[in-house]
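Let me begin by presenting the structure, written as structure tokens, before commenting on it.
Please treat every number below as a calculation from the coordinates, not as lab data. Fair warning: this is a prediction, and the values are worked out from it, not measured in the lab. Quick reminder, even Gly has a Cβ in these numbers, built from the backbone with ideal geometry, and neighbours come from all protein chains shown.
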Amino acid sequence: MKIVTWNCNGAFRNKYLALAAMDADIMVIQECEDPMQCADVRYKNWAGNYIWIGDSKHKGMGIFCKDGIQLSNNNWDADGTKHFISARINNSFDLIAVWTQRNNSVTYRYIGQFWKYLRLHKGKMEDTVIVGDFNSNKIWDTKHRECNHSEVVRELSEIGVVSLYHEQYKVGQGEEPHPTFYLQRNLKKPYHIDYIFASKNRFPNVTDFEIGSETVWLAISDHLPVIAVLDFE
């Protein structure tokens, strides 16, 4: 199963065809429009099998699946944190889509939002894939006190959920040589803030892992797509 996460930097209705060659089974897209409220009929028809949330019809997050994949919303309570979707895939495993926000919080902004969400649902996350734009990296740990990036990674590891990038490339958190985001699309401002985490027991075989090329994707977004192909038991 091929899974892609990509912050499209808005106007996804004009960009979704750029993902066509990937032939992904599941796409988690941040900063996309709500297909139901979009005037672009082609985008609405393309979306088809999806779940979307957002504060504005112009900018939210969606899970988009191929036809034939069973996608259902678990409706896990986010308790005001932003933004998370928990969905059941093929009645087989749970996928959590992530786009963390500042959410008017000083202490619990960005990774702190996921830390709070993890507090709510950790007991249900042992059999999951967690995918998205976390707006986070270990290099900013001191800004987030006890609810920092390293603490989230540690807690996920307690339930056997690991970052597939770090498993694949054998590098430590905060030491990533491959960026997923360029601030203001500036090649001199690279950061690794997009992740695919997965249950190591449920998904023991990662047959492919890739981050899109900046020479291709920076023309249309400040983020690069992150792609994983998983074989699951």
Which residues qualify? For TRP76, with a placed amide H closer than 5 Å and at least 5 residues away or on another chain, they are SER86
Provide the net charge surrounding TRP6, with neighbours chosen by a C-beta distance below 15 Å and charges set as Lys +1, Arg +1, Asp -1, Glu -1.
-> -4
For the chain, the longest stretch holding no trypsin sites (Lys or Arg not before Pro) located in a DSSP loop with at most 10 other Cβ atoms within 10 Å is which?
-> 1-169
Specify the inter-centroid distance of segment 40-56 and segment 149-177, based on alpha-carbon positions, in whole Å.
-> 31 Å
Under the Kirkwood approximation applied to all pairs of distinct alpha-carbon atoms, what is the hydrodynamic radius of segment 63-116 in Å?
-> 12.2 Å
MET22-GLU214 pseudo-label distance in nm [points 7 Å out on the Cα-to-Cβ vector] = 1.9 nm
Express the relative contact order of the chain as a whole percentage, based on alpha carbon pairs under 8 Å and six or more residues apart in sequence.
-> 19 percent
Using the Kirkwood formula over every pair of different C-alpha atoms, what hydrodynamic radius in Å results for segment 8-47?
-> 10.6 Å
Comparing THR100, THR128, THR142, which has the greatest mean-square fluctuation in the GNM of the chain with Cα pairs linked when under 10 Å apart?
-> THR142
Whole-Hz Karplus couplings 3J(HN,Hα) for segment 84-89, θ = phi - 60° and coefficients 6.51, -1.76, 1.60, Gly and Pro as x, run 9, 10, 9, 10, 9, 10
Alpha carbon convex hull of segment 1-106, projected area averaged over orientations, nm² | 6.9 nm²
Shape descriptor, the chain: equivalent ellipsoid semi-axes (Cα gyration tensor, sqrt 5λ, whole Å, largest first) stand at 24, 20, 19
Check PHE181: other-chain or 5+ apart residues with amide H under 5 Å from its amide H, H built from backbone geometry?
-> TYR191, ILE193, LEU224
